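One structure is given here, and the rest of the page talks about it.
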Amino acid sequence: MEFLENLGFDPIMLGAQILNFLIIFYLLKRFLYKPVLDMVKKREDKITQGLKDAEDAQKALDKALGEEKKILSKASENAKKIIEDAKEEALILAKDIGDNSKTQTEKLLEEAKAKITLESLETEKRLSEKISTLAADMVSQSLKGLLSEKEKEEITKKTLKGIKHSN
């Protein structure tokens, strides 16, 4: 024991230091460590929810794009059918009227094509607007709480530009 005292070892001081360490450890664990862990857990949950929302938004966007393709395909089929019907009608009129009807049938075909083109463009425009709005809403909602308003606007604008360029 005397040897330890010569080295400057004081058992009472050691006991006091151990007690101080335990008190500080308890206080840090109770008042600092647990709240920090709770905050980290909440942040992790928020990020996980944001990723899930973004994934859901992507699925909805993919579904909307699939619907757009179906509608455009259907419109194309309808356009082909209308053109076929117009051609048949034009042939019948050509047989009935003769040379004079040839110019009229060509005119009818052109009008039908123009009408089909116009309808296709209108349908595509409406679908594009609907998809853009849906995409913007999904992106905005999935980013809610994760980013500032300015960052959300920038990401939404970039997403809309990407969608418009892909169409």
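The values are calculated or read from the model by the stated rules, or taken from the named source; none is laboratory data. Only a predicted model underlies this, so the values are computations on that prediction, with no experimental measurement involved. Cβ atoms come from the backbone with ideal geometry, glycine included; neighbour counts cover every protein chain shown.
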Consider residue 136 against the criteria (1) in a helix (DSSP H, G or I); (2) exposed (fewer than 13 other Cβ atoms within 10 Å of the Cβ); (3) modelled with pLDDT under 90; (4) in contact with a helix residue (DSSP H, G or I) (Cβ under 9 Å, 6 or more places away or on another chain): it satisfies all of them except one. Which criterion is unmet?
(2)
Residue 93 being modelled with pLDDT of 80 or more, closer than 30 Å to residue 45 by Cβ, surrounded by 12 or more Cβ atoms within 10 Å (Cβ to Cβ) and not acidic (Asp, Glu)
no
Does the stretch 56-68 include one or more residues that are over 30 Å from residue 117 (Cα atoms) and exposed (fewer than 10 other Cβ atoms within 10 Å of the Cβ)?
no
Scan the stretch 34-48 and give yes if some residue there is among the charged types (D, E, K, R), in contact (Cβ under 8 Å) with a residue 40 or more places away in the chain and touching a Leu at 6+ places or on another chain (Cβ under 8 Å), otherwise no.
yes
Can you name the number of the only condition in (1) surrounded by 14 or more Cβ atoms within 10 Å (Cβ to Cβ); (2) under 25 Å from residue 135 (Cα atoms) that residue 47 fails?
(1)
